[in-house]
1. For chain C, find the longest principal axis of its Cα atoms and tell me its angle to the long axis of helix C:611-626, 0 to 90°, nearest 10.
2. Return the subset of A:11/C:637; A:46/C:656; A:24/A:46 for which the Cα-Cα distance in this structure is over 24 Å, preserving the input order.
3. Can you tell me the order of C:34-43, C:612-621 when each peptide is scored by its average per-residue count of other Cβ atoms within 10 angstrom, highest first?
4. Other chains' Cβ within 10 Å of C:178-190 residues: what's the mean?
5. Per 0.36 nm of contour for each residue apart, how much would the distance between residue B:166 and residue B:107 grow if the chain were fully extended, relative to their Cα-Cα spacing?
6. If you fit an axis through the alpha-carbon atoms of helix C:340-354 and take the longest principal axis of the Cα set of chain C, what angle between them do you get, 0 to 90°, nearest 10?
7. So, in Å, what gap is there between the alpha-carbon centers of region A:18-54 and region A:136-161?
8. Looking only at other chains, what is the average number of their beta-carbon atoms within 10 angstrom of each beta-carbon in A:38-44?
Amino acid sequence: MNATAPLLEFKGVDTHYGDLHVLKSVDYRIEAGEIVCLLGGNASGKSTTMKTIMGIVRPSRGEVFYEGRPLSGVSTAERVRRGIAPVLEARRLFPRMTVYENLEMGAYTRPRGPEFQQDLERVFALFPRVKERLQQLAGTLSGGEQQMVAIGRALMAHPKLLCMDEPSMGLSPAYVEQVFDIVQEINRQGTTIFMVEQNANMALQIAHRAYVLQTGQVVLSGPSSQLRQNEQIRQAYLGEMTVAPV
Amino acid sequence: MTETGVLLQQVVNGLSLGAMYALLAIGFTLVYGILELINFAHFNVFMVASFIGMWALQLLGISGQSRVLTGLALAGSLGFAFVVTMAAAGVIGVVIERVSLRPLRGVPGTAGMITTIGVSYILFNVILLTVGAGSENYPNPLPVHRWQLGQVVVELKEVLIWAVSLILMAGLHIFVSRTRLGKAMRATAQDAEAARMMGVDVDRVVVTAFFLGSALAGAAALIFGLYYNYTSFIIGYTAGLRAFTAAVLGGIGSIPGAMVGGLLIGLIETLGGQLIAVRWTDVIIFSILVLVLVFVPAGLFGRAAPTKS
Amino acid sequence: MAELEESPASAPARPMSGSRLRVATLPLVARIPPRVRSRLAVGLLALAALLFPLLHANDADIDSAANALAFAALALGLNIVVGFAGLLDLGYAAFFAIGAYAYGAAASFQLQPEWSSFWEPFHWLDLVARLPGPAGGDVVHFQVSFWLMLPISAALAALFGVLFGAPTLRLKGDYLAIVTLGFGEIVPIVARNMPAVTNGAMGLNGVAAPQLFGYSFGISATPYYYVGVGLVALLIVTSLRLKESRIGRAWMAIREDEIAAAAMGVNRVRYKLLAFAIGAAFAGATGTFYVAKLQTATPEMFMFPVSVMVLVMIVFGGIGSVWGVVVGALLLQMLQSWFLEDLSQWLHGLGRLIDVAWLRHVELASSIELIFGVILVVMMLYRRQGLIPATRPMPALSLDQQAAQIQRGGFATLPVISPQPSPETGSLLAISGLTVSFGGLVALREVGLVVPRHGVVAVIGPNGSGKSTLFNAVTGLVTPDRGSVVMAGREIVGLPPHRVLECGIARTFQNLRLFPNLTVLENVMIGMHARLASGAAGALLRLPRTRREEEEARERALAILALFGNRLVPRAEHLASSLSYANRRRTEIARALASNPTLLLLDEPTAGMNPAETLELAEQIKSLNNSGLTIVLIEHKLDVVVSLADQVVVLDHGEKIAEGRPETVRNDEEVIRAYLGRSAAFA
């Protein structure tokens, strides 16, 4: 392992769905310990970024590095085993399995044993509500509770890098605040976070750095404090960052 | 025998057939639950497996119904036949998946289903061309024991069928609800992409589904041979369609549904044959298939209607 | 005779059609224009078919050829159902059986009811004869003419197709397949179990041979061969003409994306039934032909293997390709009746020569079903489009076209967009109390919204707030639990999507629902479906009215594409799946405009576009509005919203939380909270 390498790095990554060119020569660099936020409108390539990290979509050009090593040819299972865990867009729990079974699925690549128990305790500490609902079917939970289980499920993989796809989507403002508090807490406990968001302002408040994605290209990047001062982003805060390339 | 007695006897017969259909239906349901694919090859995996079971028993020197075994010899020979047949059928299922279906994973539309029709045809004709079109006398080492229970007669072979089916279905239930791979299988059926992102090797889950489904078809095939004392290259088609109807009736994708559906189809077959006419049995069963699909597409235990957009 | 070209051959904007045929490499042939060339090829083919019995006077071979033609006719029929409309039918032989037994019963000695005066008129029409019965009294002998039974059998089979299809065609594809399999199974069983009509498993015997001008066909193969040629030629022309008509486009739209087809005005149930009925009619007529030729009919002739064989033929030839399925059927029949026989003979000779016992007796023809199985698997794995694919890959744009200056086009002067300019003011669309839930989850709660005529209303809100559900509820794709949607004074809740479109509401989809394997032009022409009128008769007869309508539709579609400058026009003949994101969005808008709507619903029209493209599209939307179109758009980009909308509606968690002028809404406390969470403002 290379000590100076970033935890995750995209170098000139292109992706295609059939004839559709989605990501266009994208570079990201995420250091261990950071919260990095990826902003952009629908169809800008955010979810494709997440799928590329997880190995569901393969780059047609360029390379993704994790802990300094290329990820090409590495299976999704192996990526999870090495410490990359996703919180999927719209939560995507297994609706007809219990909350406990969902958490077990999160730990699919991990051995059962004391570490599993520790991870479970950590999830319960972050989300006391989850512990109360363990035997309930996940499909019967409210949206906010489902998001807690979704984050808990990802934490059960004991990740170094947590990839979150729109964690605020469909949640009421109170829940969004709670989720973002917990994201910060998880980060303080040592997990690096790469988060796709539409909720620019909230995301920029907790992120250290951010990238702005538009039609598959990174058009802006920098520390959150700087981006928050950016006039174009401020004007466009209702949603998509319609900024000219810098 | 009184009329009630006849009907009760048909219930006993129906439960035996139903247990066989249930085992066969599980294979359709497992694969459909994960891949949303109707696997027509399953029909003739069942048929081929009945021949494998026959050969396995013949290997032990049993042919026809003349040589009756008892005690340990009976248990051992039947155990051997079940293990060999189920393993071989499972392997056939896995090979079919690897060779002909995996390359088509993710291809939209009916390509996968058309491929399984082709595979089914190949299996059918390989047996027809190598073994021939006649029907084979099935080796059966079971002694003929009958018990009179009130108005009905229960045979030893029926008790055996029920016991084997119960054991296999209980085993399957434990597998999907307790084991890591079994849970991964359920998770994949509910949301394949999410399961994959949790680190589940979806290919392995699919192979497992094919293996288990085909192995259970193997058990059903041996039961068929022991029950009817014959096999032939044509048995896959009718039994397969009835089992598929059972899976649909129970709610395709649902394992308990396949079990209950199988029993119901077995009862409908024997009682329908008794009350109406055997020659109309297939028409009755297909009518049920059509009616269920049109009016209760989710079946008895199904969750999602099969008219997705 | 029809053209060999299956896709729109006369498109004015097809720059490079010549290079598609391999023969283009032959310099002489290449000089002939493609249209003439394809007519020449068809002419030669027809000539060869007509001369075959004269050149090759072997009765057994002519007989095989006549059988092959029957299967080619079946393949053409199944191709309508499977290839055009995308409905997998595994029980197709049932319709073949219905046509066969219809003629069998109407022209044999099977049914002999007692004579009564009821039969007098039929006797007078020469449909029945009066014969002395075995038990003394006279009996009726049916002797309906073969030529009369051809259309009657077709109609009867079509009727069964409709009766069977009506309840089942709503099912998802693979379920439909299994239901058709069941139907295909039931029909031969019924035939076997009703010996009074069908003589059961023994089969009908003594079916009358057709007669023509007093000459009976008897058992010579040649007249049947010519009837087969005529039948196949008729079905080829029918298939080609339907495929290129409004009906064919509707079928392909259903095959590609049912939801989008419905939203574009295609009545799914009606067109699926039509495909089923026409496919069944082909099989019914063919059944009559086949049974007249064999002069017998048994249930075994119509079982599952026959359905599979026809399926193998169309898979082999090319699903959806008219010439492909004919070639597939003929090749497989030749393989079966000539090639495998010859090969077996040859192997027997080899066996005798080298003295190998099994070679001397091998019968390859008996392994034909094994070969069918292998063909299905191999074609699916390695060549799903078949021998002669239905769609050919379009050439890429030339360098000149790629390098051409972008012309943005514009909607300022739009002769093609003519929403009946209405002097009325007030509301065009009024939504009130609209509530939609999925399972227990409420996606929309008591939403109300008024869209003024000629206005632009923007619906904004975070992802997952119910915006697209609102569009789906208005266009009939989801059924609301409660509430009302009134379009131009008419309640439209509960109408199916195609009826909503007919009311003047057209839409685009956030996740893009183009018909991927159809060209850009075809996509737009499907948008016109509800505005065109021609039916099957017009398409088959190529009535002047239909041809004019098609021509006008094509021109109008091209004019609509031209609204986007040179972005779509050079790609008119390209498949929609080859387009860039921005061009897909433009094509969807063009498709919606083609229906000539009064109200346009745009779901994130600028998603995936860069700022320049966004600006361009916003201007185009503005000019659409200026030309009289009322617009509701879902949009995230604030600058687009501010520059376009008169009024903004904000949804959050399925509820309307604010409404008003853009600048007002922008400063609304609750809106800011919904979007921004805890701290209201930046810095």
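1. Helix C:611-626 and the main axis of chain C meet at about 90 degrees.
2. A:11/C:637; A:46/C:656
3. Top to bottom by mean Cβ count within 10 Å: C:612-621, C:34-43.
4. Neighbouring Cβ atoms belonging to other protein chains average 5 per residue here.
5. Values: separation 59, 0.36 × 59 = 21.24 nm, distance 3.70 nm.
Additional length available on full extension: 17.5 nm.
6. 60
7. Taking the Cα centre of each part, region A:18-54 and region A:136-161 sit 23 Å apart.
8. Working: counts 0, 0, 0, 10, 10, 11, 5.
Taking the mean over all residues of the peptide, I get 5.
Where a number appears in this text, it was derived from the coordinates with a stated rule and is not lab data. Predicted model only: the values in this text are computed from it and were never measured. Cβ: placed from backbone, ideal geometry, glycine included. Neighbour counts: every protein chain shown.
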